[in-house]
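J.: My structure is below; once you've seen it, I'll send some questions.
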């Protein structure tokens, strides 16, 4: 049965791969539309500027509550805000096949999932209020599938051409996956290493040796440090612009 799909993309101006992700989405849609077996009708991508989303004290407090116990990214604040505007929106979070998934671990720690209409939702009757605030408006259709499960489907359905256009890296180097951030690590560890260039493979191996020597996962630490530097620099620039306009 044909379905109508409206992709939604939240624009995070602090994301280093913003323009690459936009291009990747366009390429993926083009490849899917050209495949004869595709039955879905694709609407234009709805792009939401996260800066225009209203402040929400309840979401901010819920995030801080969960963040004290589970390392989840700050993107879940604006994703929760967007989901409040579009209840039931689907998010492609999968079950971790490797070390860690902040979203999945938060759900495991603070609540439960319930299967409804071929997707998974937060069980609001058996989950902490804060988890419901963050994820209660979101549908998780593939959260019970690991990347290894999806890899099997990719090969069975011959979707390698679609996958060759996806983007996942947090910190691209010369427009290519870095091999060091957690999403790159996940691809390397679940049989999708063919999505990364040879130089990223080298960086991945060096990175894992460094982690082993330091006995800590440095990917998350480096990413948080880079984001903090970016936010501070952005704040300074905004302050300077404000003073210039004021003068």
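The values are calculated or read from the model by the stated rules, or taken from the named source; none is laboratory data. In this text, all values refer to a predicted model and were calculated from it rather than measured experimentally. Glycine also receives a Cβ, built like all others from the backbone with ideal geometry; neighbour counts cover every protein chain displayed.
J.: Out of all the residues in region 132-144, which are touching a strand residue (DSSP E or B) at 6+ places or on another chain (Cβ under 9 Å) and surrounded by 17 or more Cβ atoms within 10 Å (Cβ to Cβ)?
T.: Hits for region 132-144 are 132, 134, 135, 136, 137, 138, 139, 140, 142, 143.
J.: So, residue 128, is that one within 23 Å of residue 51 (Cα to Cα) and at pLDDT 95 or above or not?
T.: No; evaluated as a whole, the condition is false for this residue.
J.: Tally time: how many residues in region 145-163 are out of contact with any helix residue (DSSP H, G or I) (no Cβ under 7 Å at 6 or more places or on another chain) and within 20 Å of residue 188 (Cβ to Cβ)?
T.: Of the residues in that region, 10 qualify.
J.: Within region 18-46, restricting attention to residues that are within 17 Å of the chain's Cα centre (by Cα) and more than 19 Å from residue 91 (Cα to Cα), which residue is surrounded by the most Cβ atoms within 10 Å (Cβ to Cβ)?
T.: Step by step, filter region 18-46, then rank; the result is 20.
J.: If the requirement is being at pLDDT 95 or above and loosely packed, with under 14 Cβ neighbours inside 10 Å, which of these qualifies: 158, 115?
T.: Among 158, 115, only 115 is at pLDDT 95 or above and loosely packed, with under 14 Cβ neighbours inside 10 Å.
J.: Which residue is surrounded by the fewest Cβ atoms within 10 Å (Cβ to Cβ), if the candidates are limited to region 79-88 and must be in contact (Cβ under 8 Å) with a residue 40 or more places away in the chain and out of contact with any strand residue (DSSP E or B) (no Cβ under 6 Å at 6 or more places or on another chain)?
T.: The selected residue is 87.
J.: Every residue in region 51-71 that is under 14 Å from residue 107 (Cα atoms) and surrounded by 16 or more Cβ atoms within 10 Å (Cβ to Cβ), please.
T.: Of everything in region 51-71, those that are under 14 Å from residue 107 (Cα atoms) and surrounded by 16 or more Cβ atoms within 10 Å (Cβ to Cβ) turn out to be 62, 63, 65, 66, 67, 70.
J.: Would you mind telling me which numbered condition in (1) modelled with pLDDT under 90; (2) surrounded by 13 or more Cβ atoms within 10 Å (Cβ to Cβ); (3) farther than 21 Å from residue 93 by Cα residue 2 fails?
T.: Here residue 2 meets the rest and fails (2).
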